[in-house]
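Peer 1: Following this message is one structure expressed as structure tokens.
Derivation of every value follows stated rules applied to the coordinates shown; laboratory data play no part. Just so we're clear, the structure is a prediction, and the values are computed from it rather than from any experiment. Counting neighbours? That spans all protein chains shown, and the Cβs are built from the backbone with ideal geometry, glycine included.
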């Protein structure tokens, strides 16, 4: 059963210019939100200019609407993380960390993307902008390092808009490019050979939608997960279409994909240009396509950076280390060439 954050906001009669909100917390989420001995409530008031009162499982909050929204969305984020078990360390206070994150990022006009399983919100300014653009633009490019939410947020937006009947189907696609292993060496028929390459798309889907509902929608073709090669020759109408790992697609493949766009369709292309599995990096068509198309009205480009990484802190450290190493190698090449 989907567990939504219940709240209402109204104008206070007693203090002009301030708003009040009542947020109801479910029993299963009370400890994560209130903290041990209600320690989080004190933390909220110390970090935001709000007056907060607890009445049973309700928080009564009074203050500036912007600050109320920051707290409200930090609560939503904490509940979402609990449902997907993203914070498995019981000593880690996810609620406080999420609140600090939202305060430091000063995220404004936060978009809540509702799926069948979770309420998804951006954890940085750029992620929040991305969710907004995914509702407005016909074609969106999202590039950046691993862990920045490029694919997860796009799939969340697709599911949300499918449930709102804005589109009739979702199509999730990836290039089936080998990373050191040949497809022919894998057992099974074509579907069984290709599915391992598409597994991350299934994972995102199941994180956002109960598996039984997802399977029914796959069987009814409301959701399709297929290799990029299967897109050729099609016209995709009334569809939310995502091409993931586009750094492994050539220029001609991305052109083929984008020209499948039909009436009332939205297309999202995601990838990390630094992690291509093609035999030659120059064959990747991702950055070339962005350069060609970025000035067209109706096309947006989101360029995520390290500050947008929302996976474990170790991922950020790993990416920083590799970037530093690559810079050192490039400096050595430049010095050799200048001799």
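Peer 1: Which of the peptides 126-133, 252-259 is most tightly packed, and how do the rest follow, going by the mean number of other Cβ atoms within 10 Å of each residue?
Peer 2: 126-133, 252-259
Peer 1: Taking the square root of 5 times each eigenvalue of the Cα gyration tensor, what semi-axes in Å does the equivalent ellipsoid of the range 112-308 have, largest first?
Peer 2: Computed over the range 112-308, the values are 23, 21, 17 Å.
Peer 1: While we're here: So how do 163, 50 line up by other beta-carbon neighbours within 10 Å, fewest first?
Peer 2: In order of increasing Cβ crowding within 10 Å: 163, 50.
Peer 1: Let me ask something else. Going by how many other Cβ atoms sit within 10 Å of their own, how do 39, 245 line up, fewest first?
Peer 2: Final ranking by Cβ density, sparse to dense: 39, 245.
Peer 1: Sort 295, 244, 32 by Cβ crowding within 10 Å, fewest neighbours at the top.
Peer 2: Exposure proxy ranking, most exposed first: 295, 32, 244.
Peer 1: Compare the peptides 64-71, 22-29, 117-124 by average per-residue count of other Cβ atoms within 10 angstrom and give them in order, highest first.
Peer 2: Highest to lowest by the protection proxy: 117-124, 64-71, 22-29.
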